[in-house]
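Student: A single structure is presented below for examination.
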Amino acid sequence: MTALLDVRGVSKRFGGVQALKDVSFRVEKGTVKALIGPNGAGKTTLFDVVSGFAAPDAGAVLFRGAPIEGAPPHRVAGLGLSRTFQHIRLFAGMTALENVMVGRHPRSRAGFLAGMLHPPWTWREEREIEDRAREALDFLAIPELAGAVATSLSYGQQRAVELARALASEPELLLLDEPAAGLNMRETVELAKLVGRIRERGITILVVEHDMGLVMNVSDEVVVLSYGEKIADAAPRAVQQDPEVVRVYLGEDGC
Amino acid sequence: MSTELVLQYLVAGLTYGTIYAVVGVGFNIIYNATGIINFAQGEFVMLGGMTAVTLHGLVPLPLAIAGAVLVTMAVGALIEVTFIRWLQRPSVLRMIIITIGISIMIREAALLLWGESVRALPYFTGNEVSSLSLGGVHVSPQVLWSLAACLVIVAFLRVFFRHTAAGRQMRACAANRDAAALCGVPTRNLVTLSFVLSAGIGALAGCVVSPITYTSYGIGAGLAIKGFTVAILGGLGNSTAAVAAGFIVGVLESLSVSLLPAAYKDAISVTILLAILFVRPSGIFGSAEVARLEAR
Amino acid sequence: MPASRLARIGLFAAAVVAVQLATQLAGKGFLLTQLTMSAYYTLVALGLSLLMGYAGQISLGHAAFFAIGGYATGLLTTVDLAARRGGGLVHALERAHVLVPRPDLYGGEALSVHPWAALAAALALAVAVAFAIGIPVLKLKGHYLAMATLGFGTIVTSVLLGTEALGAADGIGGVPPFPLAGGLAVGGGRTARIANYYVAWGLVALALLLLANLVESRVGRALRAIHGAEDAARAMGVDAGRYKLRTFVLSAALAAVGGVFLTHYDASIGPGEAGIMKSVRYVAIVAVGGMGSLWGTVATSAVLSFLSLRGTFGTLDDAVFGAVLVLVMLFSPEGILRLDGRAALAAIAGRLRRTEARP
């Protein structure tokens, strides 16, 4: 059975630094896979390669069996892959609802001409976009924030909006880049429950995280990167006890 | 095309190249100190030439030139203090637009003061028909004055930036403004100084070439674009390269007259600019990484 | 259509009518000429407002597109192909009514392009140039983009000034009126003044409507997203490069339309319309009107263009726009996104307070 996401021998170099070296792993449909590793291990670079923001120097990325490495981000999104960012990137000057409505972009089609002329089919599409966006906000339990200017919200609320936006396009694969960063204990627990609910919807998740508790709690499998190389790829318990992983984490200075 | 003709074009190109080089260097001085691209750079050249002509009616030539340079430097300082000083971390784009607006206002003021008339300083030595014969080419002594002025400017700047306290401080500012400020470098005054310097050298260049190229109220904008082309060609911030680039642009422009109608001459440098921006925005000597980072 | 927009359009229409009636009552019908011209300049400003305010791209050379439109139609409708009537292509075009006879200055008959065909050609040219320029230029960021567009405008001006076939410094004259429906035409002097006024502002209303629709639509959201956080927009499926290019082309097309109709109205066009001074004006108008505000742009453009055409600023015309530009740029908040009135006043107040506080 083909995995939903198949990363094969991906390498990437930035100037003098080998950010990724021959990294391979698979993410099976319907599972939650965590990507962990010390800072600088190449996790965000890997995300960038998978989501189309960077092209690998070598290797391939297969999504539903088809190669997507080197494809631009908007095309990858159109194929059913959605992501959040490490540092929140909401659209300034737009409300939370509008932000989430943009997330619906790959599932709608009104272009320039349709936008200007505003024919009846666009009225229906706009209604559908707004409904789905509100649904996403409901799912994140923040329907009341719809009309608020996105950048005026609290950090935790902005994170929720960004997640709603990523979910609005009903992706098959969701890439979460450090979703728990900056969240307090209570919010992190909520996040864990949320990940479970997303998974129940049939969405596959690949998540980069530093919070070990969260990782152990929600993931089916864990991939560990260190200095751009994969050093472990197994169930959470097994990874926790892997001596190499332990060395990489405890042997690090000031992580 | 005979060699003699080519050499004549070359000489013409070098003459104009002097101005372009100096404007380019002026761009770089301000850019290095502040990160601002000062579109009003071309106006400094215009002001230098026009003021000198006016002063020449009252005092002998050397004094007129010195006076013009001082007046233009004062204008440079005025611009900085009035418009630039109290802005907080403006984006480069915003500053370009502001300096475009400033250049328009200066141009209009010049129009009010001097009208549309075209002026020129008298030749420093000899007159418009005197020429020296160098290797079969007839070169006006004024061309030699221009090149000499350019050399003097470059040499002066070199000494200034390497061997004076103010110059070294400006280099520190260029490298890292915050760090320089933390070390007690008076960054705000240095910004003013950078404007004053750029204005001064622009004015001097304007005086020196005006006998050959003539000056009028409206030459600033075209010079600014050409100067920007030069600065970019050499790599923004790189003053030595700017001088070389200035002569390259001047010569290319001059040679183009042999191929295309003269009216298109102004479009040549702009085409060069677009070509550079599209192909290699870091210029010939700059580094590609830096240009990408800077442009964000 | 939301009620507020309907109300605004109603207000707009009322204002247009009110101004016309006022000039009629005051016996100053001649003011309508400048008001009509202002409308065509406003079309350029509208397109630029979309480009700068929503797509966040600056263009310091937009007047060039206005000129391209104007010169294209000017040339095509004044060319005389009567001598070539024997040729196959000319004959075919005449049969297809693309080429039509019209009286020339000497009482004879010239064969020129029909204004509607010329409009189509002018638009096609402007769009083609916009694509050709836009693809490389929009890859540049910030100040490089600004200088590239400035350079583009300069090249067009140089070419127009230096080419004899395009009229060089004199431009093109004797451009015939543009026939609309039922005897109505753009151009034609005094008798058609009132009709022309309504046609011009009607065009502005149409452009406003189309652009307002666009801004509210999926594309408008995508543009604002690109302006807000381009990478995130891409990650959400927005092809940022394509959208920026299309917005650029759309704004160029609008500018060209303005150029076409002004040329027919004025019966002429000159190289001055392409220059950096004009481009700077459009930028100044958009900046003052509020970069994200279509209505603000219309209002500002109407007022400033009209005053400028009236000669209110005298010889300081360019200086006024330059000063306006500088002032707006100095006092507006850093992220020149949507400068609405309240925010602007608050920003100015904040600045003044801070300047006072400094010893």
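Please treat every number below as a calculation from the coordinates, not as lab data. The structure presented is a predicted model; accordingly, all values stated were derived computationally and were not measured. No Cβ is skipped: glycine too gets one built from the backbone with ideal geometry, and neighbour counts run over all protein chains shown.
Student: Against the empirical 2.2 N^0.38 Å scaling, what ratio does the C-alpha Rg of the range B:67-121 come to?
Tutor: Compactness ratio reported: 1.35.
Student: Around B:Glu43, with a cut-off of 15 angstrom between Cβ atoms, what is the net charge of the other residues, counting Lys and Arg +1 and Asp and Glu -1?
Tutor: -1
Student: Same structure, new question: Output the 0 to 90 degree angle, nearest 10, between the alpha-carbon long axis of helix C:276-289 and the longest principal axis computed from the alpha carbons of chain C.
Tutor: 50 degrees
Student: Picking from C:Leu111, C:Leu93, C:Leu184, which is most flexible by a Gaussian network model of chain C using Cα springs under 10 Å?
Tutor: Greatest mean-square fluctuation among the candidates belongs to C:Leu93.
Student: Residue by residue through the range A:6-13, which ³J(HN,Hα) values in whole Hz follow from phi under the Karplus form 6.51 cos²θ - 1.76 cosθ + 1.60 (θ = phi - 60°), with glycine and proline marked x?
Tutor: Here the 3J(HN,Hα) series is 10, 9, 10, x, 7, 10, 8, 10 Hz.
Student: Quick check: Cα centre of the range B:109-137 to Cα centre of the range B:241-271, how many Å?
Tutor: Cα centroid of the range B:109-137 versus Cα centroid of the range B:241-271: 20 Å apart.
Student: So what J values fall out for the range B:113-128 if you push phi through Karplus, 6.51 cos²θ - 1.76 cosθ + 1.60 with θ = phi - 60°, rounded to Hz, Gly and Pro as x?
Tutor: 6, 10, x, 8, 5, 9, 10, 7, 6, x, 4, 5, 10, x, 9, 5
Student: If you don't mind, another one. In units of 2.2 N^0.38 Å, what is the alpha-carbon radius of gyration of the range B:3-295?
Tutor: Scaled against compact globular proteins, the figure is 0.97.
Student: Between the range A:121-196 and the range B:159-196, what's the alpha-carbon centroid distance in Å?
Tutor: Spelled out, the Cα-based centre of one part sits 48 Å from the other.
Student: What FRET efficiency do you get for B:Leu113 and B:Leu134 if R0 is 51 Å and r is their Cβ-Cβ distance, rounded to the nearest 0.05?
Tutor: Efficiency at R0 = 51 Å is approximately 0.85.
Student: Of the residues B:Phe247, B:Phe124, B:Phe27, which exhibits the maximal mean-square fluctuation in a Gaussian network model of chain B defined by a 10 Å Cα contact cut-off?
Tutor: Evaluated over chain B, the most mobile residue of the options is B:Phe124.
Student: I would also like to ask the following. Provide a whole-number value for the mean count of partner chain Cβ atoms within 10 Å of the Cβ atoms in peptide C:204-213.
Tutor: Counting other chains' Cβ atoms within 10 Å and averaging over C:204-213 gives 2.
Student: Let me ask you something else. For chain C, what number results from the quotient of the Cα radius of gyration and 2.2 N^0.38 Å?
Tutor: 1.04
Student: Could I ask something else about it? Calculate for chain B the 222 nm mean residue ellipticity that helices alone would give, adding -39,500 (n - 2.57) per DSSP H run of length 4 or more and normalising by residue count, nearest 500 deg cm²/dmol.
Tutor: Roughly -24500 deg cm²/dmol at 222 nm, from the helical runs in chain B.
Student: While we're here: Return one quarter of the surface area of the convex hull spanned by the alpha-carbon atoms of the range A:90-170, equal to its mean projected area, in nm².
Tutor: Seen from a random direction, the Cα hull of the range A:90-170 projects 5.1 nm² on average.
Student: Order A:84-94, A:58-68 from most to least packed using the mean count of other Cβ atoms within 10 Å.
Tutor: So the peptides A:84-94, A:58-68, ranked by packing, come out A:84-94, A:58-68.
Student: Under a GNM of chain A (C-alpha, springs under 10 Å), which listed residue has the highest mean-square fluctuation: A:Ala148, A:Ala164, A:Ala110?
Tutor: Answer for the Gaussian network model of chain A: A:Ala110.
Student: Okay, which of the range A:187-217 sit inside 18 Å, backbone N to the point 7 Å along the Cα-Cβ direction of A:Arg64?
Tutor: Output list for this probe position: A:201-206.
Student: Sticking with this one: Calculate the mean, over all residues of peptide B:245-254, of how many other protein chain Cβ atoms lie within 10 angstrom of the residue's Cβ.
Tutor: 0
Student: Once you list every other residue whose beta carbon is under 14 Å from the beta carbon of A:Trp121, what net charge do they have if Lys and Arg are +1 and Asp and Glu are -1?
Tutor: After counting each charged neighbour, the total is +1.
Student: Same structure again: Calculate, for C:Asp104 and B:Thr125, the FRET efficiency according to 1/(1 + (r/R0)^6) with r their C-beta to C-beta distance and R0 60 Å; round to the nearest 0.05.
Tutor: Calculated value: 0.55.
Student: Okay, next question. Using a 10 Å cut-off on Cβ atoms, rank the peptides B:194-206, C:275-287, A:6-18 from the highest mean neighbour count down.
Tutor: Averaged packing, sorted descending, gives the order B:194-206, C:275-287, A:6-18.
Student: Percent of Cα-Cα pairs per 10 Å bin, from 0 to the last occupied bin, for the range C:16-134, please list those.
Tutor: 12, 28, 25, 25, 10, 1
Student: Please say if chain A is rounded, prolate or oblate, where rounded means a/c under 1.5 for a ≥ b ≥ c the square roots of the C-alpha gyration tensor eigenvalues, and otherwise the choice is prolate for a/b larger than b/c and oblate otherwise?
Tutor: The shape class here is prolate.
Student: Tally Lys and Arg at +1 and Asp and Glu at -1 over the other residues with C-beta under 15 Å from the C-beta of C:Tyr40: what net charge comes out?
Tutor: +1
Student: Can you bin the range B:206-273 into rounded, prolate or oblate? Criterion: square roots of the alpha carbon gyration tensor eigenvalues sorted a ≥ b ≥ c, rounded for a/c under 1.5, prolate for a/b above b/c, oblate for the rest.
Tutor: Verdict is oblate for the range B:206-273.
Student: Kirkwood-based Rg over Rh for the protein assembly as shown (C-alpha set), two decimals?
Tutor: Over the Cα atoms of the protein assembly as shown, Rg/Rh equals 1.01.
Student: What's the whole-number percent of alpha carbon pairs in the range B:143-259 lying beyond 16 angstrom?
Tutor: 69 percent
Student: Could you work out, residue by residue across C:244-252, how many beta carbons of other chains sit within 10 Å of that residue's beta carbon, and then give the average as an integer?
Tutor: The shielding value for this peptide is 1.
Student: Roughly how many debye, to the nearest 20, is the charge dipole of chain B about its Cα centre, given +1 on each Lys and Arg Cβ, -1 on each Asp and Glu Cβ, and no other charges?
Tutor: Approximately 860 debye in magnitude.
Student: Give me the percent of DSSP beta bridges within the protein assembly as shown that run antiparallel, rounded to the nearest 5.
Tutor: 65 percent
Student: Give, rounded to the nearest 20 debye, the magnitude of the charge dipole that the range A:90-170 has about its Cα centre when Lys and Arg contribute +1 at Cβ and Asp and Glu contribute -1 at Cβ.
Tutor: Once rounded to the nearest 20, the dipole reads 180 debye.
Student: Going by average Cβ neighbours within 10 Å, how do the peptides B:259-265, A:230-236, B:221-227, C:289-295 rank, with the highest at the top?
Tutor: B:221-227, C:289-295, A:230-236, B:259-265
Student: Can you give me the relative contact order of chain C as a percent, contacts being Cα pairs under 8 Å and 6 or more apart?
Tutor: Relative contact order of chain C: 31 percent.
Student: Now a separate question. How much length is gained if the chain between C:Ala14 and C:Ile194 is pulled fully straight, taking 0.36 nm per residue apart and subtracting their Cα-Cα distance, in nm to one decimal?
Tutor: 63.3 nm
Student: Sticking with this structure for a sec: Using a Cα-Cα cut-off of under 17 Å, which aspartates and glutamates could be cross-linked to B:Lys265, ignoring same-chain neighbours fewer than 8 residues away?
Tutor: Cross-link targets: B:Glu253, C:Glu164.
Student: Which far-off residues, 5 or more places away or on another chain, put their amide H under 5 Å from the one on C:Ala185, with H placed in the peptide plane?
Tutor: Hits under the 5 Å cutoff: C:Leu180.
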